[in-house]
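Structure record follows, encoded as structure tokens.
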Amino acid sequence: TSSVTATTSQDDVHEQSIADDDEVQDDLEDSNDDNESDCSVEYRDDESINIRIVNPEVSTDSDDVSIDEEQQQLHTNDQEEEMASGDPNEIMSKVNHLITQTRSMVNFIRKSSIIDAYVREQIKIKKIQENDAGGENVKKIAKCRDLILDFHVRWNSTYLMIDRFIEHRNIISSITTTPTQIQGLRKKQYECLKTFEYSHYDWDILGAFHQTLGPFYNATTLLSGRSYQTLSIGHIITDTLKYFLKTETIDQQIANVIKGRLLEQFEIYFEKKLPLEQTRRTLIASFLDPVSNKYLNEKDRTEAESAISHELKVRQDLRQSLSLLTISYTSAQQRLLRTASTHQPLSAIDHFLLDCGRALLSSSATTKAKRFTIKQEIGHYVSTIKADTKFETYWNENQQRFPQMATLVRHYNCIPATSVASKSSFSVAGYVQRKQRAVLAPATLRYTMVLRDEGLLMKLNEH
């Protein structure tokens, strides 16, 4: 018997395995307990919905159905009136309730082979119709995006779950309002599907939540992947997310409340708890990257220039103090020049300079280009970068021209923004050397991991 598991990856949330028919039949077997009286759903904030099925007898009387619909409509109207009061706690409680209900409904669908097969078939039919409607404009047949579950602590997976759920809104509404269209459905399954029915207001709340989580999903995509994103992109992403959360949208009360709650936590973790040194490094890396430099505002540019000037001044003072320690070494070198035999004897002016304790100037030193000051390097850097300038190309061409800033580039712009790429490599290596391939030699595993980046290696060899 297979179990239902949920897994996540850097780019997407993998599909859950479907339970066997025997397990589904055991879990959804009709109850014969006469003491149970009705079908109810118990919701919890931090757990999945616990479905308690009672009394499988389903009334099919039209009057009873109409009464239930009227009661549900009245309940929905009461909820809308409560939400209209603008109480943030009431709105967030409703949002949390709907997320938990959505998570539990997806789990319920995937545990039933009958309902899951019906939903998958409807999704497939929907995609075929969309491809047929596209005609010649559709170059590639779109894949069927089935319902998925999320991890509670992974916002990107929650966004994907809500995104798929809203995408198949018509199918979800159809099976919850008229479950009898599913052939072979048990009475207790019918009752449970009815408890998951969503009102128009519920869909509006899910849409607002989906809209709010969208930028966070895009930020996760930018920072994740097999390529190591450096600190230069970190400042742009955090600054843009804060701007998004602080900007209120007209006539979108629910989305504004969600943004406000997220902004409170965002400021705690990205401003109060984040060390100032990390913030400074991120700002410097963003300034030194021509790609991210164009997205900085004037305030950030001024702070970055001040931080870079201070950093280079400290490094310059340190080099001057260390140069005093080399005086004894220079004197010894000059004595060796006096006594050493050479094919090119020293001239009279060279002997004069040595007697006065002055180092000899090499031919390369006389032709050495004049070095810019710190402010000049920063000014020339700002004036030479363009909108389409690439980081690697620019600093390969200008590292000799701006030697002081090049040292900061090597120090700050090689720091990865996240550890996603490293963790992903370890996860892939663990999957390659799983228990079915436990005898895999370490060298073979190493070569296999290297071959994953064969395209990158070929690109590096070309350079």
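In the context of the full protein assembly, residue 388 retains an accessible surface of approximately 120 Å², using a probe radius of 1.4 Å and ignoring ligands and nucleic acids. Got a sec? Which residues in segment 370-404 would a label at residue 280 touch, if it sits 7 Å along Cα→Cβ and we count backbone N under 20 Å? Hits in segment 370-404 for residue 280 at 20 Å: 374-375, 378, 404. Rolling a 1.4 Å probe over the protein heavy atoms of segment 179-272, with every protein chain left in place, gives an accessible area that is 53 percent carbon and sulfur.
Taking a probe of 1.4 Å, how large is the accessible area per residue of segment 262-301, in Å²? Could the numbers behind the result be given before it?
Details: 2410 Å² over 40 residues.
Roughly 60 Å² per residue, with all protein chains present.
Can you give me the accessible area per residue for segment 86-224, using a 1.4 Å probe, in Å²?
Numbers: 6480 Å² over 139 residues.
With all protein chains present, segment 86-224 gives 47 Å² per residue.
Sorting 458, 449 on solvent-accessible area from highest to lowest, probe radius 1.4 Å, gives 458, 449. Rolling a 1.4 Å probe across all protein chains gives residue 201 an accessible area of roughly 40 Å².
When you count the other C-beta atoms within 10 angstrom of each residue and take the mean per peptide, 426-434, 209-217 line up highest first as 209-217, 426-434.
Measure up 94/272; 390/423; 124/390 against 31 Å on the Cα-Cα distance and list the ones that go over. As for pairs spanning more than 31 Å Cα to Cα, those are 124/390. Here the calculated FRET efficiency for residue 406 and residue 128, from their Cβ-Cβ distance with R0 = 51 Å, stands at 0.35, rounded to the nearest 0.05. The accessible-area ordering, largest first, of the residues 266, 244 stands as 244, 266, per a 1.4 angstrom probe. A probe of 1.4 angstrom, applied to the heavy atoms of all protein chains, finds residue 371 with accessible area near 130 square angstrom.
The values are calculated or read from the model by the stated rules, or taken from the named source; none is laboratory data. Everything numeric here is computed off the predicted structure, so don't read it as measured data. Methodologically, a virtual Cβ is constructed for each residue, glycine included, from the backbone with ideal geometry; neighbour enumeration extends over all protein chains shown. Surface areas here come from the heavy atoms of the whole protein model, side chains and all, with no ligands, DNA or RNA. Shrake-Rupley method; radii C 1.70, N 1.55, O 1.52, S 1.80 Å.
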